[in-house]
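**Student:** The structure follows.
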Amino acid sequence: MERRTLEPRPDRRERARRMGFAFADVAGEPYWDESAYYRFTEGEIDALEAATAEIERISRAAVAHAVANDLNGPLGIPDGAWPIVKRSWERAEPSLYGRLDLRWDGTGEPKLLEYNADTPTALFEAAVVQWEWLQCLDDGRGPELHDQFNGLHEALIAAWGRIGLPPTVHFCCDGSSVEDRGTVDYLRDTAIQAGHEAPFLTMEEIGWNGVVFTDLEDRPIEAMFKLYPWDWLLREAFGANIAKARTRWIEPAWRLIPASKAFLSLIWHLFPDHPNLLAAHLEPGLTGGPEIAKPIWGREGSNISAPGIETDGPYADQPRVWQAYAELPRFGGRYPVIGSWIIDGAPAGIGIREDSTPVTRDTSRFVPHLFD
């Protein structure tokens, strides 16, 4: 694993626009960064794929344990929401995607930092944008010598056809977010290619007629993809109707279990000293070394504490999990996190975000990768 620099394509912004990548730049700074890429060997990609499959295996076992033992309290899931979560697992509602955030420098075993099991942040970039970059790569060695761990697009289309949804799947997100809308439109496209009708709604446009959720034409919503976190949804008045409705949700409600960062302590408790895990506990001082404290529903590096690090944000009043601190590796002055994607339960590709600090935030840049 190495980081290489490269001259960005002069027409990269126009290419991004044509792909529908409206958030390639954020606040005047590049989010999609072509000035560098990460190169892996084929053996390193095999190691990432194997680690991803193994972490997914033990994660499913840990979810089953949480449901069987009603561990919603330690996970931070309210009692009122737990029947919805539990029923979702017991019905074996399928998951479309998930992203494991991994720490790895190409040596030893990849380590799980956390499981992004609910919202699909960076999926479009990983599936489409970095693949288009690879097809245009001109580094003097010839494109036929390169490959990319990226079967995401094809896997998503195939998965829509396997997970047993009705012909119409509604898609929704917060209409004010350009990034969310772009990601949802990409997933809509994959569903349409799989043969579904895929109308779009904002969260505010979802109706309730006393029996079912409805769209703007008063059609029942039988299945809904939502780019909106479950922990937000179930706290709102809207969420009170979920248990009464027949709507199928993507992601399903049971994904709230691995989405809680308290899940890191559960999986460590069940699989102590697992080579792909870092020690984690719900109390400080138990990992045997330096620790990072994370709010259990925190996002994008907010309100974390670690040696030499304190970040602010809106989650300061939340319970925390304490995880053994493994600082991200440093390549060329940047700190990468590998997001390893799972589609329909199987590893399907990776995307990399990097920052100039050891904390990955919403301003961190997405950079491509290849292997040869």
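**Student:** Where residues in segment 177-187 are under 10 Å from L227 (Cβ atoms) and open to solvent by 60 Å² or more (accessible area, probe 1.4 Å), which of them is farthest from the chain's Cα centre (by Cα)?
**Tutor:** Checking each candidate, the answer is R181.
**Student:** Being charged (D, E, K, R), open to solvent by 10 Å² or more (accessible area, probe 1.4 Å), touching a residue at least 60 places away in the same chain (Cβ under 8 Å) and within 29 Å of D33 (Cα to Cα) is the requirement here; does D372 meet it?
**Tutor:** Working: charged (D, E, K, R): yes; open to solvent by 10 Å² or more (accessible area, probe 1.4 Å): yes; touching a residue at least 60 places away in the same chain (Cβ under 8 Å): yes; within 29 Å of D33 (Cα to Cα): yes.
Taking the combined requirement at face value, the residue satisfies it.
**Student:** Which of the residues belonging to segment 313-322 are in contact (Cβ under 8 Å) with a residue 12 or more places away in the chain and out of contact with any Ser or Thr (no Cβ under 7 Å at 6 or more places or on another chain)? I'd like the intermediate steps shown before the answer.
**Tutor:** In the first step, residues of segment 313-322 are kept if they are in contact (Cβ under 8 Å) with a residue 12 or more places away in the chain; the result is 313-316, 318-322.
If the condition is that a residue be in contact (Cβ under 8 Å) with a residue 12 or more places away in the chain and out of contact with any Ser or Thr (no Cβ under 7 Å at 6 or more places or on another chain), then A316, Q318, P319, R320 are the ones that fit.
**Student:** If we scan segment 148-165, do we find a residue that is among the β-branched types (V, I, T), part of a loop (DSSP other than H, G, I, E, B) and either crowded, with 21+ Cβ neighbours inside 10 Å or within 15 Å of the chain's Cα centre (by Cα) (or both)? Working first, answer last.
**Tutor:** At the first step, the residues of segment 148-165 found to be among the β-branched types (V, I, T) are 157, 163.
Still in the list and also part of a loop (DSSP other than H, G, I, E, B): 163.
Next, from what is left, pick out any that are either crowded, with 21+ Cβ neighbours inside 10 Å or within 15 Å of the chain's Cα centre (by Cα) (or both): none.
Looking for residues that are among the β-branched types (V, I, T), part of a loop (DSSP other than H, G, I, E, B) and either crowded, with 21+ Cβ neighbours inside 10 Å or within 15 Å of the chain's Cα centre (by Cα) (or both), one finds none in segment 148-165, hence no.
**Student:** Would you please name the residue that is least open to solvent (accessible area, probe 1.4 Å), looking only at residues in segment 323-364 that are among the polar types (S, T, N, Q) and under 19 Å from E2 (Cβ atoms)? Before the answer, list the steps.
**Tutor:** Taking segment 323-364 first, the residues among the polar types (S, T, N, Q) are 323, 340, 356-357, 360, 363-364.
Restricting the remaining residues to those that are under 19 Å from E2 (Cβ atoms) gives 340, 356.
Values: S340: 0, S356: 70 Å².
So, considering only residues that are among the polar types (S, T, N, Q) and under 19 Å from E2 (Cβ atoms), the one least open to solvent (accessible area, probe 1.4 Å) is S340.
**Student:** Still on this structure, please answer the following. Taking the condition of being closer than 20 Å to W230 by Cα and aromatic (F, W, Y), how many residues in segment 250-292 meet it?
**Tutor:** 2
**Student:** Give me the pairs, please: first residue somewhere in segment 350-366 and within 27 Å of L156 (Cα to Cα), second residue anywhere and open to solvent by 10 Å² or more (accessible area, probe 1.4 Å) and small (G, A, S), beta-carbon distance under 6 Å, and either six or more positions apart or on two chains.
**Tutor:** Going by the 6 Å Cβ cut-off, the qualifying pairs are T360/G301; R361/G301.
**Student:** Also: Quickly run through segment 1-58 and pick out the residues that are hydrophobic (A, V, I, L, M, F, W, C) and at pLDDT 95 or above. Spell out the reasoning first.
**Tutor:** Looking only at segment 1-58, we keep the residues that are hydrophobic (A, V, I, L, M, F, W, C), and these are 1, 6, 16, 19, 21-24, 26-27, 32, 36, 40, 45, 47-48, 50-51, 53, 55, 58.
Hits for segment 1-58 are M1, W32, A36, F40, I45, A47, L48, A50, A51, A53, I55, I58.
**Student:** Please indicate, with yes or no, whether at least one residue in segment 270-287 is touching a strand residue (DSSP E or B) at 6+ places or on another chain (Cβ under 9 Å) and either among the aromatic types (F, W, Y) or at pLDDT below 95 (or both).
**Tutor:** Scanning segment 270-287 turns up no residue that is touching a strand residue (DSSP E or B) at 6+ places or on another chain (Cβ under 9 Å) and either among the aromatic types (F, W, Y) or at pLDDT below 95 (or both).
**Student:** Follow-up question, since we're still on this one. Need pairs with beta-carbon distance below 7 Å; first residue assigned to a loop (DSSP other than H, G, I, E, B) and within segment 300-312, second hydrophobic (A, V, I, L, M, F, W, C) and exposed (fewer than 13 other Cβ atoms within 10 Å of the Cβ); sequence gap 6+ or separate chains.
**Tutor:** From segment 300-312, the pairs are N303/A316.
**Student:** With the structure loaded, tell me whether G339 is in a strand (DSSP E or B) and farther than 21 Å from P275 by Cβ or whether it fails that test. Show your work before the answer.
**Tutor:** Working: in a strand (DSSP E or B): yes; farther than 21 Å from P275 by Cβ: no.
Criteria not met by G339.
The values are calculated or read from the model by the stated rules, or taken from the named source; none is laboratory data. All values derive from a computational prediction rather than experimental measurement. A quick note on method: Cβ atoms are made from the backbone with ideal geometry, for glycine too, and the neighbour counts reach across all protein chains shown. All accessible areas refer to the heavy atoms of the entire protein, side chains included, with ligands and DNA or RNA removed. Shrake-Rupley method; radii C 1.70, N 1.55, O 1.52, S 1.80 Å.
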